[in-house]
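Please read the structure below before turning to the comments.
The values are calculated or read from the model by the stated rules, or taken from the named source; none is laboratory data. Because the structure is predicted, anything quoted here is derived from the model rather than measured. Don't worry about glycine lacking a Cβ; one is built from the backbone with ideal geometry, like all the others, and counts go over all protein chains shown.
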Amino acid sequence: MADPDTVLPGSHLTLYYRISLADGTEAVSTFGMKPATLSLGAGQMAETLERCLLGMRKGERRAFT
């Protein structure tokens, strides 16, 4: 049985995220707003970003470059 606290393909997520340019300029942020809710694999977020989320645990924070 899958662990409900681990992000897997098809997981339904609610999260805050920030996307910044290489120079540090913030392009998109959900901080200070309601968190984003999405389903992995539904095309709501770039596939590259979805792959970064796979395997993360509930409450975990990460930065990706």
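Return yes or no: is Arg62 charged (D, E, K, R), within 11 Å of the chain's Cα centre (by Cα) and part of a loop (DSSP other than H, G, I, E, B)?
Working: charged (D, E, K, R): yes; within 11 Å of the chain's Cα centre (by Cα): yes; part of a loop (DSSP other than H, G, I, E, B): yes.
Criteria met by Arg62.
Go through Ala27, Ala22 for me and flag whichever is among the small types (Gly, Ala, Ser) and part of a strand (DSSP E or B).
Values: Ala22 fails: part of a strand (DSSP E or B).
That would be Ala27, the only listed residue that is among the small types (Gly, Ala, Ser) and part of a strand (DSSP E or B).
Among the residues of the stretch 33-65 satisfying the criterion of being hydroxyl-bearing (Ser, Thr, Tyr) and modelled with pLDDT of 90 or more, which is surrounded by the fewest Cβ atoms within 10 Å (Cβ to Cβ)? Before the answer, list the steps.
Initially, the stretch 33-65 is screened for residues hydroxyl-bearing (Ser, Thr, Tyr), giving 37, 39, 48, 65.
If we keep only those that are modelled with pLDDT of 90 or more as well, we get 37, 39, 48.
Numbers: Thr37: 10, Ser39: 14, Thr48: 8.
Filtering the stretch 33-65 for residues that are hydroxyl-bearing (Ser, Thr, Tyr) and modelled with pLDDT of 90 or more, the one surrounded by the fewest Cβ atoms within 10 Å (Cβ to Cβ) comes out as Thr48.
Restricting to the stretch 30-58, give me the number of residues that are touching a residue at least 12 places away in the same chain (Cβ under 8 Å) and part of a loop (DSSP other than H, G, I, E, B). Don't jump to the end; show me each part of the working.
Of all residues in the stretch 30-58, those touching a residue at least 12 places away in the same chain (Cβ under 8 Å) come to 30-31, 35-41, 49, 52-58.
This time we only want the ones that are part of a loop (DSSP other than H, G, I, E, B), so: 30-31, 35, 40-41, 54-56, 58.
Looking only at that region, the number is 9.
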